[in-house]
Amino acid sequence: MILFGFPHCGDYTKSYLTWSSGLPARVRFQCVELSQARLSMREVSSELWEQALHETCQYVKQQLMPGEEYVFIGHCWGSLLAFEASHRLKAEGIAEPRHLFLSGCSAPHLIRPRGLPNGMQGEVSAFGCQPVDEYRTPFNREPLRARFSVFTGKKDEHALVDHLSEWSRYTAKICDVHVCEGDHRYWQSDPNKWLQLAQTIVEREYLI
């Protein structure tokens, strides 16, 4: 089995690699490699987003052996990229991931751009992790058959605790919700906490 970790704003490589060194021998970890590694949620409606989605699917297909199972792990825009890549791979005839671990990201229909007063445009850095442009997921797609585990910080303004259960409408399987201490950057103080929970679920559900 392969666990694919998706990039996000911050030192994702260090946190992922530190945690992944303790994975069981039967599990291989791969950080998704993109030519524009420093993309953020702000580019979800741009050409860079489409490029990232294409590169992700190509990378996953290159890494997978025939019949090999895999799961996706992402935070913030990495969660949205993991979700959309799952649909793209499905449309290309590739087996879906068994599990999506989605952190710090609202359900697709709740993602809204962050506008400025009077419609004025500002510096991109002022928008944080909310997209500048409208993001809309297609409504005519069937739910994924991957199980979802959704994470957020108690004070995360970009993925509100009360709204996380909305992710359940995008999967035909179980969608469980996990709330951690902190805000949108809760993973920075103790990245192993939620990543180890993901590892526990993988070992319990797929490696026995």
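Before moving on, here are some points about what is shown:
- Candidate set: the stretch 131-170, residues that are modelled with pLDDT of 80 or more and among the acidic types (Asp, Glu); chosen: the one farthest from VAL202 (Cα to Cα): GLU142
- Considering only residues in the stretch 24-48 that are part of a strand (DSSP E or B) and under 16 Å from the mean Cα position of the chain (by Cα), the one that is modelled with the lowest pLDDT turns out to be CYS31.
- Filter result for VAL60 (outside any helix (DSSP H, G or I), of a type in the set (A, V, I, L, M) and in contact (Cβ under 8 Å) with a residue 40 or more places away in the chain): no
- Positions within the stretch 40-64 being in contact with a strand residue (DSSP E or B) (Cβ under 9 Å, 6 or more places away or on another chain) and over 20 Å from ARG141 (Cβ atoms), in sequence order: TYR59, GLN63, LEU64
The values are calculated or read from the model by the stated rules, or taken from the named source; none is laboratory data. These numbers were taken from a predicted model, which means no experiment stands behind them. With ideal geometry, Cβ positions are generated from the backbone for all residues, glycine too; neighbour counts draw on all protein chains shown.
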